[in-house]
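Worksheet for the structure shown next.
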Amino acid sequence: MISMRRKNRLDLSEKFEKEKISKTYRRFDEIHKFDWFIGYNEEEKKSLVVVTNGEFIKFESTKIINVKLEKRIDNKISLSFNLIDDKYSDIFYKFCEDMIENTRDIEESNIIQFLLMRWNMWRLAFKNSNQRILNEKEIKGLIGELIFLNQYMFENYGIEKSIKSWQGPLNFHKDYEIENTWYEVKTTSSNTMTVSISSIEQLESNCIGELDIVILEQTNEVVEENISLNKLISIINNKIMDIDLKRIFWSKLDNLGYLYDDEYDRYNYRLIKINRYMIEDNSFPRILRSELKEGIINVSYEIDIRNIERYLIKE
């Protein structure tokens, strides 16, 4: 089965081949709200162009992609991304698809700023075309944090506060800190009896907080309501209407090393449930810094999930 994204990329490849013969630009999609064109520039290099209204902002080029922003005689802006080295065509197709598909719901007043944000993320990929994708443990952990963001944080704090409170990608001690509480998210499988706490600070605080365990089951892409990293990020991205908030969200994903790749579609999960455990006093089984003997700087430990059932928050 070919995914829709992969099909779109095959279409892009075919369309570029057609334009190579005609040496012209052609509008990519007749129903897209923006004028996206693909074709070959005067140097006969693959080129993606958008023509729109907007402000004039500097875009930095890379050794693989040359970016040009020009003012037209009709006062519109022409922004072109030109592939310098054809051996990077596959990743260029991914880039083209990403830029085209993620601008379908963007307001024209925000388009240039949004494209600059997306381009700055993609520049890293073009600097390192062999960029490592996240491993399975990292993928699963990120999915857990994003499920909690989408299903709990958004519902209880709103999108803006929730995005800004997500600090796991910033190497803070807790995944979410907001108002007068905090949340530490762990992701496990249904047959796992323990969760790992990697530092004392993850569960230590003077404020009441929560240990939240997201339980996932591995499945495949044809199962109804399956969750993959690419799909989940797309769902959240579509909920974020504010351009600056989108920039914050994608900057945090970038900090984690995420950039869209088909490989992530291989990892599919089903959400079993989210168990939330209240941590409000020292009776909860956790290690506190005040309990450490002199000379011990830090520790990591595991918690037996069966022994914290009395702290489970009943919905």
**Study point:** Surface accessible to a 1.4 Å probe, residue 278 within the full protein complex, Å²
**Key:** 60 Å²
Practice item. Between residue 75 and residue 224, take the C-beta separation as r, use R0 = 45 Å, and let me know the FRET efficiency to the nearest 0.05. Key: 0.35
**Study point:** √(5λ) per eigenvalue of the Cα gyration tensor, the chain, largest first, Å
**Key:** 44, 20, 18
Review point. If you take the charge dipole of the chain about its Cα centre, with +1 on Lys and Arg Cβ and -1 on Asp and Glu Cβ, which of 150, 100, 189 is farthest toward its positive end?
Key: 100
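Take every Cα pair under 8 Å in the chain that's 6+ residues apart, average their separations, divide by the length, and report that relative contact order as a whole percent.
Numbers: 454 pairs, mean separation 44.4, N = 315.
Across the chain, relative contact order equals 14 percent.
Full extension from residue 31 to residue 302: what is 0.36 nm times the residue separation minus their Cα-Cα distance, to one decimal in nm?
On the way: separation 271, 0.36 × 271 = 97.56 nm, distance 5.32 nm.
Gain on stretching residue 31 to residue 302: 92.2 nm.
Grab the beta carbon distance between residue 315 and residue 58, set R0 = 30 Å, and tell me the FRET efficiency rounded to 0.05. Don't jump to the answer; show the numbers that get you there.
Working: r = 50 Å, r/R0 = 1.67.
Efficiency, rounded to the nearest 0.05: 0.05.
Out of the total accessible area of the chain (probe 1.4 Å, heavy atoms of protein only), what percent is carbon and sulfur? Don't skip to the answer; put the middle values down first.
Working: 7840 of 16700 Å².
For the chain, the apolar C and S fraction of the accessible surface comes to 47 percent.
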Review point. Which one of 249, 278, 205 has its Cα pushed farthest toward the positive end of the charge dipole of segment 178-282, where Lys and Arg give +1 and Asp and Glu give -1 at the Cβ?
Key: 249
Point to revise | segment 165-315, relative contact order [Cα under 8 Å, separation at least 6], % | key: 32 percent
Point to revise | With eigenvalues of the C-alpha gyration tensor scaled by 5 and rooted, segment 1-114, Å | key: 21, 17, 14
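Dipole of segment 228-315, Cα-centred, from +1 at each Lys and Arg C-beta and -1 at each Asp and Glu C-beta, to the nearest 20 debye?
Values: 15 positive and 15 negative charges, 58 e Å.
It works out to roughly 280 debye.
At R0 = 30 Å, how high is the FRET efficiency between residue 17 and residue 43 if r is their beta carbon distance? Nearest 0.05 is fine. Before the final figure, lay out the partial values.
On the way: r = 18 Å, r/R0 = 0.59.
FRET efficiency, residue 17 to residue 43: 0.95.
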Revision key, fill the gap. With every protein chain in place, the accessible area of residue 132 for a 1.4 Å probe, in Å² rounded to the nearest 10, comes to 140 Å²
Review point. Any idea what the dipole of the chain comes to, in debye rounded to 20, about its Cα centre with Lys/Arg Cβ at +1 and Asp/Glu Cβ at -1?
Key: 820 debye
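Can you work out the accessible area per residue across the chain, with the rest of the protein chains kept in place, probe 1.4 Å, in square angstrom? Don't jump to the answer; show the numbers that get you there.
Working: 16700 Å² over 315 residues.
Per residue, the chain has an accessible area of 53 Å².
Between residue 280 and residue 248, 0.36 nm times their residue separation minus their Cα-Cα distance comes to what?
Working: separation 32, 0.36 × 32 = 11.52 nm, distance 3.07 nm.
In short, 8.4 nm is gained.
With a cut-off of at most 12 other beta carbons within 10 Å, and DSSP calling the residue loop, which trypsin sites (Lys or Arg not before Pro) in segment 47-102 qualify? Please list them.
58, 63, 72
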Point to revise | Positive-end residue of 305, 223, 109, charge dipole of the chain with Cβ unit charges | key: 109
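The values are calculated or read from the model by the stated rules, or taken from the named source; none is laboratory data. Since the model is a prediction, treat every value here as computed from it, not as a measurement. With ideal geometry, Cβ positions are generated from the backbone for all residues, glycine too; neighbour counts draw on all protein chains shown. Each accessible area value is taken on the protein alone, full model and side chains, heavy atoms only, with ligands, DNA and RNA left out. Shrake-Rupley method; radii C 1.70, N 1.55, O 1.52, S 1.80 Å.
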